[in-house]
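What follows draws every value from the coordinates through simple rules; no lab data is involved. From a predicted model like this one, the values you see are computed outputs, not experimental measurements. Counting neighbours? That spans all protein chains shown, and the Cβs are built from the backbone with ideal geometry, glycine included.
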């Protein structure tokens, strides 16, 4: 309370609010609960035969409605050269759901690998603070190359190559049907992330997330930035899972919303903002509603 | 990269570029190289309605919904040890064959059509074909009845009570009226209802089993060779197995061979139920009747 810090930036508030009025980790706790809930629901639907959410994250049925991972569906269409009606219905349903919910919300709110990677990131940061490891980065555009590469491979080989190594599907299947040997590959990936490059799979490679990212560019559900309340402390960017997505708003004042599809709508920035300058909003629709 | 060792540490942008190129190139090579290997496995028995193996592997999304709805729960998902078709469904016939249940729920559950939705009845499935793979051990060919053989197995290992009950109830079904009387008197049973038999099974001793073995060896039905594969076949509308006489060229004896007919769909129930220690009848997955004949 005694000392007033000031920061440079487009935000209009001069003083940084020193005390958090809202509950810390509110959105993170909600998000993790939902992530665990749905993954446990997958497990329970089979194990206890309650049949609410049957299948795994590649393809499932929620109360009878087909849900299908877009990337898996595209691979199958390319490798088998067959267009199956249920496949198309499942992808359209996913598209509509995530158009309403924000695209990459899949990553941070549903994907079990992302959750493990978040925990891995904490270990990574701890090791880095102790100077025991160095951080490495890759070009974030690799994920588009991977997306194209695996779709191309499906077409060329007539086999869904990526589904063999897909860590999201491997973990999801292991949760529902019991552990599979391929978890060794998933563990290796996690170790790589912890000791070499922070959350590398999600950030640079994962083609599953790319489908959802593309939906995310069109989804109105976005993080909203209130210039009037922001004191430019930049703490949001230190906790953000994909820090560059906040630049256009918080640093450059180009948009009131975080427009990137890469934003996972995880809410970590909302939790950390003492100025309460960030919130979930609906672009285009805020004024109407 | 080698010449960089002499200079200052590799600059960041260059590192990103080279590592990116290496990762992409590596992934592409690994994918192209591994794909034929990944597809090479063909001897997995697929659920009913499965497309030809190549197309099946191309279209299966590996979600496991077929497994979830399977009433006898015989479908499993392949692990990496099962020849690289990771996550795709298969059936181990010996552990439990497909019973071709009404409505074929696995086919209906399949979201991609890998299990072809055109299939509506179990008898039209083409999972594979059964063959007498071990004529040397087949009880029918040897002219032996299965009940004494199975009781003998129980003498060696009686740990599976369910199996014991099954053998006893199978035996009772085939006894004549007089034989049933003898059986009841031996164990002082008032009736031969399921509950009574369950109680009997729980306290059977090896001496009892030895008596049962001698008893069944001399029973009326013991003259008839084993017919388990025929009796257990889930296809009842058509004849899948016929028993034909063949003359053994070595000792000129007449043997009764089970001969698989065209209507066999390869469900695997016969392999599951075959009483010999190693199944004498096995399924060749994905093969058609005509191919095996040739």
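Over the Cα atoms of chain A, Rg to Rh with Kirkwood Rh, two decimal places?
0.99
If we sort B:114-126, A:122-134, B:138-150 on the protection proxy, mean other Cβ atoms within 10 Å, highest first, what's the order?
Result, highest mean first: B:138-150, B:114-126, A:122-134.
Other chains near A:59-68: what is the mean number of their Cβ atoms within 10 Å of each residue's Cβ?
3
Please list A:211-220, B:254-263 highest first by mean number of surrounding beta-carbon atoms within 10 Å per residue.
Ranked by mean Cβ neighbours within 10 Å, highest first: A:211-220, B:254-263.
Hey, quick one: spin label on residue B:217, modelled 7 Å out along Cα-Cβ, who in segment B:120-154 has an amide N within reach, i.e. under 16 Å?
Only B:144-154 fall inside the zone, counting backbone N under 16 Å.
Hey, fewest Cβ within 10 Å first, where do B:205, B:198 land in order? Before the final figure, lay out the partial values.
Numbers: B:205 9, B:198 14.
Least crowded to most crowded, the residues run B:205, B:198.
Using only Cα atoms, find the angle between the long axis of helix B:177-186 and the longest principal axis of chain B, and express it within 0 to 90 degrees, rounded to the nearest 10.
Value to nearest ten degrees: 80.
Under a crude label model (7 Å from the Cα following the beta-carbon direction), how far is residue A:132 from residue B:108 in nanometres?
5.5 nm
Using the alpha-carbon atoms, what tilt in degrees (0 to 90, nearest 10) does helix A:142-157 show relative to the longest principal axis of chain A?
For helix A:142-157, the angle is close to 10 degrees.
Quick one: Cα convex hull volume of segment A:48-156, Å³ per residue? It would help to have the intermediate numbers written out before the result.
Values: hull volume 16.6 nm³, N = 109.
Once divided by residue count, the hull of segment A:48-156 is 153 Å³.
What do you get for the angle between helix A:207-218 and the principal long axis of chain A? Use alpha-carbon atoms, 0 to 90 degrees, nearest ten.
Orientation of helix A:207-218: about 50 degrees from the principal axis.
Summarise the partner chain shielding of A:47-54 as one whole number: the mean count of Cβ atoms from other chains within 10 Å of each residue's Cβ.
Counting Cβ atoms of other protein chains within 10 Å of each residue's Cβ and averaging gives 1.
When the convex hull of the C-alpha atoms of segment A:223-282 is computed, what volume per residue in Å³ does it have?
Taking the convex hull of the Cα positions in segment A:223-282, it is 70 Å³ per residue.
Only helical DSSP H runs with n ≥ 4 go in: add -39500 (n - 2.57) per run for chain A, normalise by residue count and round the 222 nm mean residue ellipticity to 500 deg cm²/dmol.
Computed mean residue ellipticity for chain A: -15000 deg cm²/dmol.
For a test of the definition: using alpha carbon positions, the gyration tensor, and the 1.5 limit on a/c, classify segment B:64-133 as rounded, prolate or oblate.
oblate
Which value in Å does the Kirkwood hydrodynamic radius of chain B take, with 1/r averaged over all unlike C-alpha pairs and then inverted?
Details: mean 1/r = 0.0440 Å⁻¹.
Its Kirkwood hydrodynamic radius stands at 22.7 Å.
What do you get for Rg/Rh over the protein assembly as shown if you use C-alpha atoms and the Kirkwood form of Rh? Could you put the intermediate results ahead of the total?
Details: Rg = 31.8 Å, Rh = 28.3 Å.
My calculation of the ratio gives 1.12.
Quick check: Cα centre of segment B:234-252 to Cα centre of segment B:167-193, how many Å?
30 Å
Other chains near B:174-181: what is the mean number of their Cβ atoms within 10 Å of each residue's Cβ?
Going residue by residue through B:174-181 and averaging, the value is 0.
How many nm is it between the label spots at residue A:47 and residue A:192, if each spot is 7 Å from the Cα in line with the beta carbon?
2.9 nm
May I ask you to derive the FRET efficiency for residue B:196 and residue A:36 from their Cβ-Cβ distance with R0 = 56 Å, giving the value to the nearest 0.05?
Step by step, r from the Cβ atoms, then E = 0.65.
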